[in-house]
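The values are calculated or read from the model by the stated rules, or taken from the named source; none is laboratory data. Everything numeric here is computed off the predicted structure, so don't read it as measured data. Glycine also receives a Cβ, built like all others from the backbone with ideal geometry; neighbour counts cover every protein chain displayed. We work out accessible area using only protein heavy atoms, side chains counted, and drop any ligands, DNA or RNA first. Shrake-Rupley method; radii C 1.70, N 1.55, O 1.52, S 1.80 Å.
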Amino acid sequence: MKFLIQTILLSLFAFQLYAQGTFSGQLQANGNYFERDTTIGAANTPQYDYLKTGGEAWLNLNYGISGYDFKLRFDMYQNSNLPNPQDAFSGQGIGFWQIGKQVNKLGITVGNYYDQIGSGIIFRAYEERPLLIDQALKGVRLAYNLTDDWKAKLFTGRQKRQFDLQESVIKGASLDGYLTVGDSLSPISLAPGIRVVNRTLSDGQTQELVSTLSNYFAADRIGAKYNTF
């Protein structure tokens, strides 16, 4: 069995158009060739049996002008085995877009965005491209710098699922700070904060949850709720 993966990562361009903003871009592409080999189990999937080739590509474009930041990413999958190693996925379209603006101490983001609260235990929207993990939210985020050491954030949106969106709505808020107490010889640094995240299920999700729980033994059932915090 021969299995070839070729990864291409190119910085296409990064230049400044005077009086017209800054424009940059990046292309990443993976090309895969599959050769069937039943002795090691490389068989009985579309790629190994008859498709033979597959790949993915992501094109990032960034443009900044007059304090505005515009980001756009085109995603393409052709016979890709990233979503499911036993199947082939093909699709293309706009996988990410974002408009950002900093107004004094207030940062405004509209569209898709990645973020996390604290260490990410209660909320983390991130991307792990080789595993096809893309949990970007699509919505609105507001971040305000109260002082150099204190920041507040509000956000809401729906998580991605390839080119679609999850039905549930996520909302969150955080207030984070940084303090130093004690004398200069033995200072103590503190990072206090308060955070809350809320997920609201749709009617369809709630009904599906109720239907699933009805098959559980009574002792194992939990209450189905529209909102979790």
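As a length-normalised measure over Cα pairs under 8 Å and 6 or more apart, the relative contact order of segment 110-229 settles at 16 percent. The alpha carbon radius of gyration of segment 56-97, expressed as a multiple of 2.2 N^0.38 Å, is 1.53. Placing +1 on the Cβ of every Lys and Arg and -1 on the Cβ of every Asp and Glu, with no other charges, gives the chain a dipole of roughly 480 debye about its Cα centre. If you roll a 1.4 Å probe over the chain with all protein chains in place, what percent of the accessible area is carbon or sulfur? C and S fraction of accessible area: 56 percent. Here's the list of lysines a cross-link from Lys101 could span, going by alpha-carbon distance under 21 Å and ignoring same-chain residues fewer than 8 apart: Lys71, Lys138, Lys151, Lys153, Lys171. Using only the alpha carbon atoms of segment 80-159, find the Kirkwood hydrodynamic radius as the inverse mean reciprocal pair distance, in angstroms to one decimal. After inverting the pairwise mean of 1/r, the radius is 14.6 Å. A simple packing score, the average count of other Cβ atoms within 10 Å per residue, orders the peptides 203-213, 181-191, 218-228, 41-51 as 41-51, 203-213, 218-228, 181-191, with the highest score first. Computed over the chain, the per-residue total of -39500 (n - 2.57) for DSSP H runs of n ≥ 4 gives a 222 nm mean residue ellipticity of -1500 deg cm²/dmol, rounded to 500. Measuring r between the beta carbons of Val181 and Ile122 and using R0 = 35 Å, the FRET efficiency lands at 0.85.
As a length-normalised measure over Cα pairs under 8 Å and 6 or more apart, the relative contact order of the chain settles at 9 percent.
Heavy atoms of the protein chains alone define the surface here; on that basis the chain has 63 Å² accessible area per residue at 1.4 Å probe size.
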